[in-house]
Amino acid sequence: MHAQGVWVFVEHLGGEVAPVTFELLGKGRELADDLETELAAVLLGDGVRDFAEQLFRYGADKVYLIDDSVLKDYRTYPYAKGIVKLAQKYTPEIILIGATTLGRDLAGVVATWLNTGLTADCTELSIDKTTRLLHQTRPAFGGNIMATILCKTARPQMATVRPRVFPLPEPKPRIGVVVEEELGILEEEVPTRIIKYEEEKGPGVYLDKAEIIVAGGRGLGSKKNFRLVEELAEVIGGVVGASRPAVEAGWIPYAHQVGQTGQTVRPKLYIACGISGAVQHLVGMQMSEVIVAINNDPSAPIFNIATYGIVGDVLEILPAITEEARRVLAGQRGVR
Amino acid sequence: MHAVVLLKQVPDTAEVRIDPKTNTLIREGVPSIINPYDAHALEEALRLKDKYGGKVTVVSMGPPQAAEALKKAISYGADRAILLTDRKFAGSDTLATSYVLAKAIEKIVSQEPVDLVFAGKQAIDGDTAQVGPGVAARLNMALITYIERVEEFNPDEGYVVAVRKIEGRKEYVRAKLPALLTALKGINEIRYATMPDMIRAARYQPEVWGKEQLDVEEAFLGLKGSPTQVWKSFVPQAKARAKVEMLTGSPEEVAKALVEKLVPLTLIANK
Ligand SMILES: Cc1cc2nc3c(=O)[nH]c(=O)nc-3n(C[C@H](O)[C@H](O)[C@H](O)COP(=O)(O)OP(=O)(O)OC[C@H]3O[C@@H](n4cnc5c(N)ncnc54)[C@H](O)[C@@H]3O)c2cc1C
Ligand SMILES: Nc1ncnc2c1ncn2[C@@H]1O[C@H](COP(=O)(O)O)[C@@H](O)[C@H]1O
């Protein structure tokens, strides 16, 4: 039987579908149209039937549903078994999964059981219409280059994609069909049990939702200088971001890291200070609306994607911008 | 308690520099290290050994040089080290890698029972985070990813409890033994090697297993056994945006020019 259809795994927590699912449905819709095939959402959980309508609105033609009390909390074994069972019966051509902690936990197991290829953290997906192959692009291992990866013969072709890499599509009224299957796994068969959980308290770093990000890189030179980045962020109401070396040097916690191994962001404004613009950083922020780059090396690749560029010493320029912004914003406040 | 720890040798990216002309990593002279996540996984395994007694076996697949990473692990206190190396293993993607690692663990289990397998969450050279779950899937072991610590190990009743850290919450997960755990970075402080262990490591030669020593089928090895292939690689092109506008002048002048541009776009907000 021919593999057919593009599938998107539906991630949900606390009664809500994760936005990455809708982003993947948006991209999945394009891929399915190019392949002239259908787009399906794969929905597993306990009492999740009602999500189906939302999934149709975001582009799904079909929802494969397994609704079972064993699926109440996400656990690798029953979720992976459920998807494998569906995939073996309905043979999709492509399965897309969000590259979240949950999605990564799941994807590696599903791909192994299906004996197929899996490409992590894709930043671009497209169909070659002549070969019908999925072109999966991600930063290449250990180089400042991107690689396009193919899974030529094994099916399905599987990829994970981080949240915010693809835009959220516009929901539209639309109808679809629900195909329901049984899980067929008893609680006793599941090798893990969640005994308890603790919600992490305290304000998190909501980089992925920030409208303004001021990010610092190795060019700041020290933890003390990194304060300059934080000061500008404070004044203009932004969130602090960082490149990997700034995180590794201990100037700022990992939660602030932008890039392939950190967060993917899409703010209105991204100010990159002392960041060279390596691909692993660019893939995390290139979708920002306006990018400002401050770097003393005029040939730094960050200038290739910047809207406004400033060549000079970040240690002199940052305080000047902070000062100017403070002055202008104070003036605005006075006028109001 | 017998734990197997999967260790990958990786280039120390903290030392990596980009060649400004070719835009690629300069690999020459870059030292190799134990993948940092795996070093924390090893530490977690050694702590269990300190507490419950037993043994830690470290396993790495890679070129002959990966023996160095294994010897380093011995110096920290691992008991046995196995290097999986063979020309036929070269070019493995994550599916082919998890195949060889799983086969090696099966062989170890046939020699002496294994309670726990530890891996890192991900290897810093590729960042796929696929190999740990893949090995667990092949061996049908319970899987707990992203662990922060092992809370309880109870071989008599056949379970382990680990704390896993995911987006916005911590989960206490109880898993049947044998289980595979993948460790986060920075979860524990890695010990210093003791003098006797350093001496032992200097003399230690890891066991070397190739295709012949494992019950493997050639079709699943290396490039042949890897469903994914790099089709092309390229230097990323700038997104279709208007060419960069450079702002020049003294720091005060560029600051003024920039803020003038950003304010009307309501790009900067008053807090
Ligand atoms: C698998 C993998 C995953 C990775 N994941 C990530 C990731 O998620 N995020 C990430 O950021 N990186 C990641 N990296 C690392 C990435 O390849 C780069 O090494 C990193 O982004 C470079 O950070 P940087 O720009 O701060 O430092 P550098 O490349 O060292 O650049 C510093 C810049 O500051 C400039 N500068 C120096 N002094 C000054 C000054 N006084 N004033 C103005 N400018 C100055 C320099 O000209 C230079 O351009 C990853 C790498 C690998 C291999
Ligand atoms: N070649 C290898 N040898 C031993 N362990 C490995 C190897 N590749 C990956 N691993 C293990 O799998 C984890 C995840 O790797 P990856 O999926 O490549 O990000 C690593 O942290 C290691 O514990």
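The values are calculated or read from the model by the stated rules, or taken from the named source; none is laboratory data. Predicted model, so just to flag it, every value in this text is computed and none were measured. Don't worry about glycine lacking a Cβ; one is built from the backbone with ideal geometry, like all the others, and counts go over all protein chains shown. Calculation scope for accessible area: heavy atoms of the full protein, side chains included, ligands and nucleic acids excluded. Shrake-Rupley method; radii C 1.70, N 1.55, O 1.52, S 1.80 Å.
Kindly evaluate A:E170 against the criterion of being free of Cβ contacts under 8 Å to residues at least 24 places away in the same chain, of a type in the set (D, E) and loosely packed, with under 13 Cβ neighbours inside 10 Å. For A:E170, the condition - free of Cβ contacts under 8 Å to residues at least 24 places away in the same chain, of a type in the set (D, E) and loosely packed, with under 13 Cβ neighbours inside 10 Å - is met.
Of the residues making up segment B:32-75, those that are more than 9 Å from ligand 2 (Cβ to nearest atom), charged (D, E, K, R) and more than 21 Å from B:P113 (Cβ to Cβ) are B:E43, B:E68, B:K71, B:K72.
Screening segment A:100-131 for residues that are without any contact (Cβ under 8 Å) to a residue 40 or more places away in the chain and among the β-branched types (V, I, T) and picking the one that is farthest from the other protein chains (Cβ to nearest Cβ) gives A:T130.
Identify all residues within segment B:108-146 that are within 16 Å of ligand 1 (Cβ to nearest atom) and part of a loop (DSSP other than H, G, I, E, B); write none if there are none.
If the condition is that a residue be within 16 Å of ligand 1 (Cβ to nearest atom) and part of a loop (DSSP other than H, G, I, E, B), then B:K121, B:Q122, B:A123, B:I124, B:D125, B:G126, B:D127, B:T128, B:A129, B:Q130 are the ones that fit.
Screening B:I105 on (1) more than 13 Å from chain A (Cβ to nearest Cβ); (2) within 8 Å of ligand 2 (Cβ to nearest atom); (3) part of a helix (DSSP H, G or I) shows it passes everything except condition (2). Quick one: in segment A:257-279, which of the residues that are at the interface with another protein chain (Cβ under 9 Å from one of its Cβ atoms) and either open to solvent by 10 Å² or more (accessible area, probe 1.4 Å) or within 12 Å of ligand 1 (Cβ to nearest atom) (or both) is farthest from B:L247 (Cα to Cα)? Looking at the filtered set, the residue picked out is A:T261. Pick from segment A:202-214 the residues that are part of a loop (DSSP other than H, G, I, E, B) and facing chain B (nearest Cβ under 10 Å): which of them is nearest to B:V263 (Cα to Cα)? Applying the filter and picking the extreme gives A:E211. One residue alone among A:P173, A:P163, A:P169 is assigned to a loop (DSSP other than H, G, I, E, B) and either facing chain B (nearest Cβ under 10 Å) or under 29 Å from B:A142 (Cβ atoms) (or both), and that residue is A:P163. Can you name every residue in segment A:151-166 that is touching a Cys at 6+ places or on another chain (Cβ under 8 Å) and modelled with pLDDT of 95 or more? Selection gives A:Q157, A:M158, A:A159, A:T160, A:V161.
Step by step: first the residues of segment A:71-99, then only those that are open to solvent by 10 Å² or more (accessible area, probe 1.4 Å) and β-branched (V, I, T), then the one that is farthest from the chain's Cα centre (by Cα). Which residue is that? That would be A:T91.
Screening B:G158 on (1) within 15 Å of the chain's Cα centre (by Cα); (2) at positive phi; (3) not hydrophobic (A, V, I, L, M, F, W, C) shows it passes everything except condition (1).
Restricting the search to strands (runs of 3 or more DSSP E) fully inside segment B:29-98 and requiring at least 1 residues that are touching a Leu at 6+ places or on another chain (Cβ under 6 Å) and under 19 Å from B:I187 (Cβ atoms) gives B:32-34, B:55-61.
How about segment A:245-256: which of its residues are within 11 Å of ligand 1 (Cβ to nearest atom) and open to solvent by 10 Å² or more (accessible area, probe 1.4 Å)? The answer is A:P245, A:V247, A:E248, A:A249, A:W251, A:Y254, A:H256. I need the full set of residues from segment B:54-76 which are more than 25 Å from B:T145 (Cβ to Cβ) and open to solvent by less than 30 Å² (accessible area, probe 1.4 Å), in order please. Passing the criteria: B:A67, B:I74, B:S75. Quick check, is A:Q286 among the polar types (S, T, N, Q) and near ligand 1 (Cβ under 10 Å from one of its atoms)? It is false that A:Q286 is among the polar types (S, T, N, Q) and near ligand 1 (Cβ under 10 Å from one of its atoms). Could you tell me whether B:R149 is open to solvent by 60 Å² or more (accessible area, probe 1.4 Å), more than 16 Å from ligand 2 (Cβ to nearest atom), within 9 Å of chain A (Cβ to nearest Cβ) and assigned to a strand (DSSP E or B)? Criteria not met by B:R149. Residues in segment A:133-162 that are touching a Gly at 6+ places or on another chain (Cβ under 8 Å) and more than 24 Å from B:T13 (Cα to Cα): A:C151, A:A154, A:Q157, A:M158. Within the option set A:D313, A:D297, being surrounded by fewer than 19 Cβ atoms within 10 Å (Cβ to Cβ), closer than 18 Å to A:K224 by Cα and either within 16 Å of ligand 2 (Cβ to nearest atom) or within 10 Å of chain B (Cβ to nearest Cβ) (or both) holds for one residue only, A:D313. Among the residues of segment A:104-152, none is identified as open to solvent by 20 Å² or more (accessible area, probe 1.4 Å), assigned to a strand (DSSP E or B) and among the basic types (K, R).
Quick check on B:Y172: is it among the hydroxyl-bearing types (S, T, Y), open to solvent by 10 Å² or more (accessible area, probe 1.4 Å) and not in a loop (DSSP other than H, G, I, E, B)? Answer is yes for this residue.
Of the strands (runs of 3 or more DSSP E) lying entirely inside segment A:215-302, the ones with 3 or more residues being in contact (Cβ under 8 Å) with a residue 24 or more places away in the chain and not assigned by TED's automatic domain parsing to the domain that holds A:N144 are found at A:239-242, A:269-273.
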